[in-house]
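Asks: Supplied in structure tokens, the structure appears directly below.
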Amino acid sequence: MNKATEIRIKALKLFSQFGYDKTTLGKIAEEAGIKPPSLYNHFNSKEQLFLETFEDAVGEHVNHVYMMIQKIENSKVEKKLYTIFKEAAMYYTDKEEKIMFINKALVFPPKELKDGLKAKFFHAEDQFTALLEPIFFEGIQNGEIREQSFQAMLTTFYCLLDGLFMHSVNGGRRSIEDKVNDVWNIFWSGIKN
């Protein structure tokens, strides 16, 4: 692992615990085992470090979904979408620091970084959508899914995941494990043919 990656990992831990404003570059440097001026060998500013750390956190999730899709590419559409839904919902339950970091960054963004965070979040969402779109259209084409608006199905899919995400913030794995199947069954009954 290179030093910049190590710094981002340490920064994520501190940002998730203390938030952006209360996390100092000095504390990040101390956690990373370097002197504060050495941070500037890797990042131009605290803002850049925060944005790159956020981008890593949301990008890692998209990469996880991509890898999972590769494993289930020959499955029926219902199984593909269910697996993606369940894995996406459960992904952060074992990554408490990441979920707290992402949640704080999105709900209480530093004013000066709000636009940058939104752009990075929507970029990751666009990547996730690019993975989902062909699966939904495959389901429509092969008759597993009723012909309807892809955008409406996608919006519903994301809203349900967002709700489960908030449950995991507040209660962890146990609070959403049972809910995933219930939520999925209602969603699937609304789109299946």
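The values are calculated or read from the model by the stated rules, or taken from the named source; none is laboratory data. Predicted model only: the values in this text are computed from it and were never measured. Note: ideal-geometry Cβ built from the backbone for every residue, glycine included; neighbour counts use all protein chains shown. Side chains are part of the model used for accessible areas, which takes the heavy atoms of the whole protein and leaves out ligands, DNA and RNA. Shrake-Rupley method; radii C 1.70, N 1.55, O 1.52, S 1.80 Å.
Asks: If packing is taken as the mean number of other Cβ atoms within 10 Å per residue, what is the order of 110-123, 89-102, highest first?
Replies: So the peptides 110-123, 89-102, ranked by packing, come out 89-102, 110-123.
Asks: Step through the table entries K10/K114; K79/K118; K86/K118, compare each Cα-Cα distance with 29 Å, and write down the pairs that go over it.
Replies: Cα-Cα > 29 Å for K79/K118; rest within.
Asks: If I histogram all Cα-Cα distances within the range 60-159 using bins 5 Å wide from 0, what percent of pairs lands in each bin?
Replies: So the P(r) values, bin by bin, are 2, 11, 20, 22, 19, 12, 8, 5, 2, 0.
Asks: Same structure again: Using 0.36 nm per residue, how much length does the chain from N63 to L154 gain when fully extended, once their Cα-Cα distance is taken away? Before the final figure, lay out the partial values.
Replies: Numbers: separation 91, 0.36 × 91 = 32.76 nm, distance 1.88 nm.
Using 0.36 nm per residue and subtracting the Cα-Cα distance, I get 30.9 nm.
Asks: So what are the ³J(HN,Hα) numbers for the range 136-153, from phi and the Karplus equation (6.51, -1.76, 1.60; θ = phi - 60°), rounded to whole Hz, Gly and Pro as x?
Replies: Computed from phi, the couplings for the range 136-153 are 4, 5, 4, x, 5, 5, 8, x, 6, 10, 4, 5, 7, 5, 4, 4, 5, 5 Hz.
Asks: Then there's this: Mind putting a number on the dipole of the chain about its Cα centre? Charges go on the C-beta only, +1 for Lys and Arg and -1 for Asp and Glu, and I need it in Debye to the nearest 20. Intermediate results must be reported in sequence, preceding the final value.
Replies: On the way: 25 positive and 27 negative charges, 90 e Å.
Using Cβ point charges on Lys, Arg, Asp and Glu, the chain gives about 440 debye.
Asks: OK, next. Rounded to whole Hz and in sequence order, give me ³J(HN,Hα) for the range 34-50 from the Karplus expression 6.51 cos²θ - 1.76 cosθ + 1.60, θ = phi - 60°, writing x for Gly and Pro.
Replies: Per-residue couplings from phi come out as 10, 7, x, x, 5, 4, 6, 6, 10, 9, 6, 6, 4, 4, 4, 4, 5 Hz.
Asks: Where a ≥ b ≥ c are the square roots of the eigenvalues of the C-alpha gyration tensor, would you call the range 1-78 rounded, which needs a/c under 1.5, or, failing that, prolate if a/b is larger than b/c, or oblate?
Replies: prolate
Asks: Select one label from (1) 17.0; (2) 19.8; (3) 18.1: the one whose number is Kirkwood radius over Cα pairs in Å as derived from the coordinates shown.
Replies: (3)
Asks: If you count only protein heavy atoms with a 1.4 Å probe, what accessible area per residue comes out for the chain, rounded to a whole Å²?
Replies: For the chain, the solvent-accessible area averages 56 Å² per residue.
Asks: Take the alpha carbon gyration tensor of the range 113-193, find the square roots of its eigenvalues, order them as a ≥ b ≥ c, and report rounded if a/c is under 1.5; if not, report prolate when a/b exceeds b/c, else oblate.
Replies: In terms of gyration-tensor shape, oblate.
Asks: Roughly to the nearest percent, how much of the accessible area of the range 55-193 is carbon and sulfur, given a 1.4 Å probe?
Replies: Here carbon and sulfur together make up 51 percent of the probe-accessible area.
Asks: Compute the signed sum of charges (Lys and Arg +1, Asp and Glu -1) over the other residues within less than 13 Å, Cβ to Cβ, of M68.
Replies: Around M68, the surrounding residues sum to +1.
Asks: Another question, if that's okay. Just to confirm the filter: which chymotrypsin sites (Phe, Trp or Tyr not before Pro) across the range 16-64 are DSSP coil and have at most 11 other Cβ within 10 angstrom of their Cβ?
Replies: none
Asks: Subtracting the Cα-Cα distance from 0.36 nm times the residue separation, let me have the gained length for R146 to T5 in nm, one decimal.
Replies: Result for the pair: 46.3 nm of gain on full extension.
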